[in-house]
1. Quick one: in region 318-363, which of the residues that are over 25 Å from Glu263 (Cβ atoms) and outside any helix (DSSP H, G or I) is nearest to the chain's Cα centre (by Cα)?
2. Looking at Val26, Val53, Val38 in this structure, which one is under 24 Å from the mean Cα position of the chain (by Cα), crowded, with 20+ Cβ neighbours inside 10 Å and of a type in the set (Val, Ile, Thr)?
3. Any idea which of Leu116, Leu109, Leu46 is under 18 Å from Thr190 (Cβ atoms) and either in contact (Cβ under 8 Å) with a residue 60 or more places away in the chain or surrounded by fewer than 24 Cβ atoms within 10 Å (Cβ to Cβ) (or both)?
4. Return the only residue of Thr117, Thr79, Thr67, Thr99 being within 17 Å of Val38 (Cα to Cα), assigned to a helix (DSSP H, G or I) and hydroxyl-bearing (Ser, Thr, Tyr).
5. Would you check if there is a residue in region 134-151 being touching an Asp or Glu at 6+ places or on another chain (Cβ under 8 Å), over 23 Å from Gly279 (Cβ atoms) and either not in a helix (DSSP H, G or I) or not small (Gly, Ala, Ser) (or both)?
6. I'd like to check something: does region 56-68 contain any residue that is over 16 Å from the mean Cα position of the chain (by Cα) and in contact (Cβ under 8 Å) with a residue 60 or more places away in the chain?
7. Give region 181-205 a look and list any residue that's among the hydrophobic types (A, V, I, L, M, F, W, C) and surrounded by fewer than 18 Cβ atoms within 10 Å (Cβ to Cβ), or say none.
Amino acid sequence: MSPHEVLDLLARTLPVIAFLVGITVVAEVCDLAGVFDVAGHATARLAGHRVVVLWLLLAALAVLVTTFLGLDTTAVLLTPVALTVARQVGVPPAPFALTTLFLANTGSLFLPVSNLTNLLAVQHLATLGGSHADYVALAVGPGLAAVAGTLLVLGVVHRRALRGHFAVEPPAAPHDQVLMRTAALTCLTTGPLFALGAAPWLVAGVAALVLVGTLWWRAPHLLRRIRPPWGMALVVTGLFVVVQLVVDAGAGDLLARLAGSGEGLGDLARVAGLGAVAGNLLNNLPAYLALESAAGTSPTRLMALLIGTDVTPIVTPWGSLATLLWLHRVRAAGVRIGPGALVAQGLAVALVAGGAALVALAA
């Protein structure tokens, strides 16, 4: 790589890494402050003792958390809350666990900050003449369709477990009110800033500093429990370099032939399908990086690629980092979901949610 190419790569990588570190710190402080615990238990009190309403409310919470704090936050921090609430009210935990997993992925189209691939896509979209507002306008229809398709599959598969009523309305655990309200207010402030197109790395960085400062003031003993994702940052940086070298070595021409051209439904399905296969075989981030130049030749085709790399890499455990993080959480909570059932339901959700998102994009 030439010095110019190295500088270009750093210009793309550093804002993504800064956002990743900042938003992870924000999410961990919010978890320590009890924001997710209080929100999860509030849904139980709002559900009117109906299991299906509780499920839908927790699903809506999962989409909100994914949209504004990213899919990994939903997988790591919201999943234990959903499992705890389900057990406290006496309903099967599996539908709630799978809902957080699948919506963490299928609900990650809406904003650039919802998925690291989206942050990269916004950078590429700018080279095609698009803006942050153009991204949001392109993503809203496919995003809603993907969420609806996910809930349809899960609702049909788990319809028996979601019937009936529950009697208990579990209270949230006690929390430091100043810390919790500051964390909640920070989330409510950063969300609109992300949606309006403020620099994600800057918003996340300032929010992280505010929350770490508040935590140091109110509960300094909890500071040691914050673990910025330095290892993940190194992995992401390494992926940028490796994929760029592979593409420069000649893989780019092959991928361009495989991706085809055009913006009809069949053409978009070809792009999304290529992203889906690569994402499930490798991982969604390197899949996006490798296919960006070949497939993202227009804003619509770029969104089709994101459907493939955001919504559908849920068939294999390694297709998305969020899935690997989720598996660790559910196993730690003692919930067992067979690999066959996980793959089968993941495939069904990928096909229905991804197909619905593509139809919405083409329309």
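Where a number appears in this text, it was derived from the coordinates with a stated rule and is not lab data. This one's a predicted model, so the numbers in the text were calculated from it and none came from an experiment. A quick note on method: Cβ atoms are made from the backbone with ideal geometry, for glycine too, and the neighbour counts reach across all protein chains shown.
1. Ranking the candidates gives Ser320 first.
2. Result: Val26 is the single residue among Val26, Val53, Val38 that is under 24 Å from the mean Cα position of the chain (by Cα), crowded, with 20+ Cβ neighbours inside 10 Å and of a type in the set (Val, Ile, Thr).
3. Leu116
4. Step by step, each of Thr117, Thr79, Thr67, Thr99 is checked, and only Thr79 is within 17 Å of Val38 (Cα to Cα), assigned to a helix (DSSP H, G or I) and hydroxyl-bearing (Ser, Thr, Tyr).
5. no
6. yes
7. Ala184, Leu185, Leu188, Ala195, Leu196, Ala198, Ala199, Leu202, listed by residue number.
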